[in-house]
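Chemist: Encoded as structure tokens, here's the structure I'll be asking about.
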Amino acid sequence: MSSHLLPTYARADLSFERGEGAWLVAANGDRYLDCHCGVAVNALGHAHPALVAALREQGEKVWHVSNLFRVPDAERLAARLCEATFADFVFFCNSGAEAMEGAIKVARKYHAASGHPERVRIVTFEGAFHGRTLATLAAGGQKKYLEGFGPPAEGFDQVPFGDLEAVKRAIGPETAAVLVEPVQGEGGVKVPPPSFLRGLRELCDEKGLLLVLDEVQTGMGRTGTLFAHEHAGIVPDVMGIAKALGGGFPVGAVLATAEAGKGMTLGTHGSTFGGNPLAMAVANAVFDVISAPGFLEGVQRKALLMKQRLAAVRDRHPDVIREVRGEGLLLGIACGVPNGKMIEALRAEKLLAVPAGDNVVRILPPLIVSEAEIAEAAERIDRAAARLSGEAAGNGKLEGVPG
Ligand SMILES: *Cc1c(COP(=O)(O)O)cnc(C)c1O
């Protein structure tokens with residue numbers, strides 16, 4: 001496989017010609033059940049008729065005009081996002097990292113506008129992932145991603161995920177905000193107890209800090225509520241979203257309360273492509289579907305079914321599947337074998353899944369997955385686990401199994 005693409009990804013030797021709902025069809029006609037969804041992006045599956053229609057329609061009108069003009073569909077989506085959340089203002093961008101970069105800027109500028117320009121530091125968490133720009137890499141704090149890229153951006157203080165006491169100790173006179181994922185996705189589908197987010201909210205209120213949430217992966221219905229923080233019954237001051245927002249069209253957003261966003265005045269931030277008519281047409285169509293009455297209840301019902309099915313698979317193959325965890329359809333299988341082996345075995349059963357930290361495999365079906373497809377996914381996962389379990393029993397040790 002020779003390619004002129006910069007070799008920064010571990011790509012599977014597999015490409016797809018088209019998609020239909022929860023299925024991806026390879027060039028040779030093989031059909032794969034998609035529990036990968038482009039890493040939680042294709043929330044409405046592939047070729048959703050409403051999204052295809054929105055893209056076609058807008059494609060024939062106007063694609064891009066710049067933010068020096070009004071974009072009616074951007075105003076409409078911003079109003080809908082604010083109506084559905086804590087936010088008063090929305091800034092549209094093009095990716096998750098850009099959304100988090102914007103959220104960090106909002107938090108710092110808030111304190112500068114409040115007469116405290118020295119308050120720039122942000123408390124973040126071990127195992128976090130906020131993107132690959134220089135600031136979001138520093139926020140994530142993962143050594144393997146920072147190495148060789150020069151001095152990490154200043155101003156991030158990392159503490160263990162879920163440890164409120166450590167957060168308290170990390171807060172000083174220069175602290176501006178706490179930045180956290182309600183569920184750590186890349187870090188291994190780690191769900192903290194609801195008391196953690198509530199504790200962070202209280203702590204931020206007590207110390208005059210902003211609570212900034214990274215809902216790039218958890219947002220737009222993935223966990224069974226529109227946003228994951230709803231499970232804890234709290235609201236943030238600032239939030240970054242992206243992945244599912246455009247259902248596969250690249251778009252991100254920063255949401256903020258009027259108070260938190262008060263420093264973001266004329267000229268303080270911008271993006272050439274952010275919120276262009278094409279992105280906004282598709283994102284409004286995504287929002288139509290996800291916010292329709294009953295849709296999220298359906299996600300919750302299907303998530304429960306998926307979790308029950310996976311728990312049964314775990315009970316049959318506890319050597320291969322140690323634990324099933326997650327919230328809604330953001331599910332993680334903690335593996336008793338190397339997670340890369342599990343991904344390979346799943347692919348052999350024509351099911352696509354995503355690796356994560358902590359030796360976890362993420363199972364991320366589209367939110368429109370059917371109950372029959374959930375049953376099918378569970379069967380394929382069971383067969384993959386059985387295959388690995390057999391190998392493990394036969395060889396004693398799986399790490400040594402070639403290929
Ligand atoms: C994917 C992800 C990002 C980065 O998004 P990109 O679009 O790849 O820049 C940031 N935060 C979280 C929680 C993510 O899952």
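The values are calculated or read from the model by the stated rules, or taken from the named source; none is laboratory data. Please read all numbers here as calculations on a predicted model, not as lab measurements. Please note: Cβ atoms are built from the backbone with ideal geometry, for glycine as well, and neighbour counts cover all protein chains shown. SASA here: full protein model, heavy atoms, side chains in, ligands and nucleic acids out. Shrake-Rupley method; radii C 1.70, N 1.55, O 1.52, S 1.80 Å.
Chemist: Against the longest principal axis of the chain, how steep is helix 96-113, in degrees 0 to 90 to the nearest 10, with axes from Cα atoms?
Modeler: In the chain, helix 96-113 runs at an angle near 30 degrees to the longest axis.
Chemist: Between helix 339-348 and the chain, what is the angle of the helix's C-alpha long axis to the longest principal axis, kept within 0 to 90° and rounded to the nearest 10?
Modeler: Its long axis makes an angle of about 60 degrees.
Chemist: At 1.4 Å probe size, with no ligands or nucleic acids counted, give the accessible surface of Ser195 in Å², nearest ten.
Modeler: 70 Å²
Chemist: If you don't mind, there's one more thing I want to ask. I need the Kirkwood Rh of the chain: take the reciprocal of the average 1/r across all distinct C-alpha pairs and report it in angstrom.
Modeler: Numbers: mean 1/r = 0.0455 Å⁻¹.
Hydrodynamic radius (Kirkwood, Cα only) of the chain equals 22.0 Å.
Chemist: Along the Cα-to-Cβ line of Ala258, 7 Å from the Cα, sits a label point; which residues in segment 78-100 have backbone N less than 18 Å from it?
Modeler: 78-91
Chemist: Over the chain, with the other protein chains present, what is the accessible area per residue in square angstrom, probe 1.4 angstrom?
Modeler: Values: 17980 Å² over 403 residues.
Solvent-accessible surface per residue comes out at 45 Å².
Chemist: Fully extended, how many nm does the chain gain between Asp13 and Ser291 (0.36 nm per residue separation, minus their Cα-Cα distance)?
Modeler: Working: separation 278, 0.36 × 278 = 100.08 nm, distance 3.67 nm.
Using 0.36 nm per residue and subtracting the Cα-Cα distance, I get 96.4 nm.
Chemist: List the residues, sorted by chain then number, that are 5 or more residues from Glu20 or on another chain and whose placed amide H is less than 5 Å from its amide H.
Modeler: Result for Glu20 returns Val25, His46.
Chemist: Additional query: Once phi is turned into θ = phi - 60°, what whole-Hz ³J(HN,Hα) does the Karplus curve with 6.51, -1.76 and 1.60 give for every residue of segment 373-380, x standing for Gly and Pro?
Modeler: In residue order, the calculated couplings are 5, 5, 4, 5, 4, 4, 5, 5 Hz.
Chemist: Is any residue of segment 139-159 close enough, with backbone N under 18 Å, to a label point placed 7 angstrom from the Cα of Glu206 along the Cα-Cβ axis, and if so, which?
Modeler: Residues 159 qualify, since their backbone N sits under 18 Å from the label point.
Chemist: OK, next. Whole-Hz ³J(HN,Hα) for each residue in segment 126-138, computed from phi via Karplus 6.51 cos²θ - 1.76 cosθ + 1.60 with θ = phi - 60°, x for glycine and proline: what do you get?
Modeler: Whole-Hz 3J(HN,Hα) from phi for segment 126-138: 4, x, 6, 9, 10, x, 10, 6, 4, 6, 6, 5, 5.
Chemist: Now, a different point. Please work out the C-alpha center-to-center distance from segment 121-194 to segment 98-115 and express it in whole Å.
Modeler: Using only Cα atoms to place each centre, the spacing works out to 16 Å.
Chemist: For helix 277-290, what angle does its Cα long axis make with the longest principal axis of the chain, in degrees from 0 to 90 and rounded to 10?
Modeler: That works out to roughly 60 degrees.
Chemist: Okay, moving on. Any chance you could look up the accessible area of Ile368 with a 1.4 Å probe, heavy atoms only, rounded to 10 Å²?
Modeler: The value for Ile368 is about 50 Å².
Chemist: As an exercise, use a Förster radius of 25 Å and the Cβ-Cβ distance of Glu83 and Lys144 to find the FRET efficiency, rounded to the nearest 0.05. If you can, show how the numbers build up before the last one.
Modeler: Details: r = 41 Å, r/R0 = 1.63.
Efficiency for this residue pair is about 0.05.
Chemist: List the relative contact order of the chain as a percent without decimals, with contacts defined as Cα pairs under 8 Å and 6+ residues apart. Intermediate results must be reported in sequence, preceding the final value.
Modeler: Working: 814 pairs, mean separation 87.3, N = 403.
This gives 22 percent for the chain.
Chemist: Using a 1.4 Å probe on the protein heavy atoms, what percent of the accessible area of segment 57-187 belongs to carbon and sulfur? Walk me through the intermediate numbers first.
Modeler: Values: 3690 of 6650 Å².
Of the solvent-accessible surface of segment 57-187, carbon and sulfur hold 56 percent.
Chemist: Right, next: What length, rounded to one decimal in nm, is gained on full extension from Arg132 through to Ala375, with 0.36 nm per residue of separation minus their alpha-carbon distance? Don't skip to the answer; put the middle values down first.
Modeler: On the way: separation 243, 0.36 × 243 = 87.48 nm, distance 3.58 nm.
Taking 0.36 nm per residue and subtracting the Cα distance, the gain is 83.9 nm.
Chemist: Then there is this: With θ taken as phi - 60° and the coefficients 6.51, -1.76 and 1.60, list the Karplus ³J(HN,Hα) couplings across segment 255-265 in order, rounded to whole Hz; mark glycine and proline as x.
Modeler: Using θ = phi - 60°, the values come out as 10, 8, 6, 4, 5, 5, x, 5, x, 8, 8 Hz.
Chemist: Still on this structure, please answer the following. Show the residues, 5+ positions off or on another chain, whose built amide H is closer than 5 Å to the amide H of Asp88.
Modeler: So Asp88 has HN proximity to Ala256, Thr257, Ala258.
Chemist: Could you work out the Kirkwood radius for segment 50-290, taking every pair of different alpha carbons, averaging 1/r and inverting it, reported in Å? Show your work: numbers first, answer last.
Modeler: Details: mean 1/r = 0.0554 Å⁻¹.
Every distinct Cα pair counted, the radius reaches 18.1 Å.
Chemist: For the ranges 226-234, 239-247, 56-64, what's the packing order if you count other beta-carbon atoms within 10 Å of each residue, average per peptide, and put the highest first? Provide the component values of the computation, followed by the final result.
Modeler: Values: 226-234: 19.3, 239-247: 28.9, 56-64: 11.8.
Result, highest mean Cβ count within 10 Å first: 239-247, 226-234, 56-64.
Chemist: Tell me which of His4, Ala99, Leu310 sits at the most positive position along the dipole axis of the chain, charges placed on C-beta atoms (Lys, Arg +1; Asp, Glu -1).
Modeler: Highest projection toward the positive end goes to His4.
Chemist: Further question: For Lys168, which lysines qualify as cross-link partners when the Cα separation must be under 22 Å and same-chain residues fewer than eight apart are set aside?
Modeler: Answer for Lys168, where 22 Å is the Cα cut-off: Lys190, Lys207, listed by chain and number.
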